[in-house]
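Scroll down for the structure; my scribbles are underneath it.
The values are calculated or read from the model by the stated rules, or taken from the named source; none is laboratory data. Computed from a prediction, not measured in an experiment: that's the story for all the values here. All Cβ positions, even for glycine, are placed from backbone atoms using ideal geometry, and neighbour counts span all protein chains on display.
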Amino acid sequence: MTEPDEGIDIVKFFLGVMTLLTVFVAGFAIYNWSKAKQFEAEVQEEEYAYRDMQKIAGKKEFLEKVSRFKTLDVNAKVTADDFGRFLTDQAKDMNLSLNRFRSVGTGGTAVTKGFTKSSYEFSIDKQNLQLITAYLWYIQAFWRGGLKIEAITLKETSRRRGDPFAGWDATATASIFKPKEGGP
């Protein structure tokens, strides 16, 4: 038989172990909570920075400057013909047909001091929005100089009563900026 003092010692031992485990678990929880709060603060700072970048990047002046100054990285001379060929070749590679494809002028303005601007206007008819967006994104991302989509209009393709949705008609104007001789 066990003595009554031995039973109390066993209970005290288990209470001590449970208290120690509780302290360890509480300490670990407090440590993780502080790390989570620190991470939350870092995420919040990054969100503020991201919102600021969105505000700046969405401004027309910023987009024009990026587009223009990107051309300074281009070593080869770029002509309007190269630009037009690039637009049509990329459309052909994506199985798109550019309709009403025409040059809409060149020249410099006060805003484009030090640069000449070449623009093409074109239409993409009866396509889904995803393909139109992919084409416009692609040409802007992969032109070797500064390219800007200056205007885009979308309208639902006209259809007869009862016909299924046939897609979208898009008209866009894309421009490139080339440094004038002597730089900006």
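Hey, does segment 142-157 have a residue that's aromatic (Phe, Trp, Tyr), part of a helix (DSSP H, G or I) and modelled with pLDDT of 75 or more? Scanning segment 142-157, I find at least one residue that is aromatic (Phe, Trp, Tyr), part of a helix (DSSP H, G or I) and modelled with pLDDT of 75 or more, so the answer is yes.
On the stretch given as segment 50-66, residues that are acidic (Asp, Glu) and at pLDDT 75 or above total 2.
If you go through segment 98-125 and keep only what is in a loop (DSSP other than H, G, I, E, B) and either hydroxyl-bearing (Ser, Thr, Tyr) or modelled with pLDDT of 90 or more (or both), you end up with Thr109, Thr112.
Annotation: Tyr138 fulfils all but one of (1) at pLDDT below 90; (2) under 16 Å from Phe177 (Cβ atoms); (3) within 23 Å of the chain's Cα centre (by Cα); the unmet one is (2).
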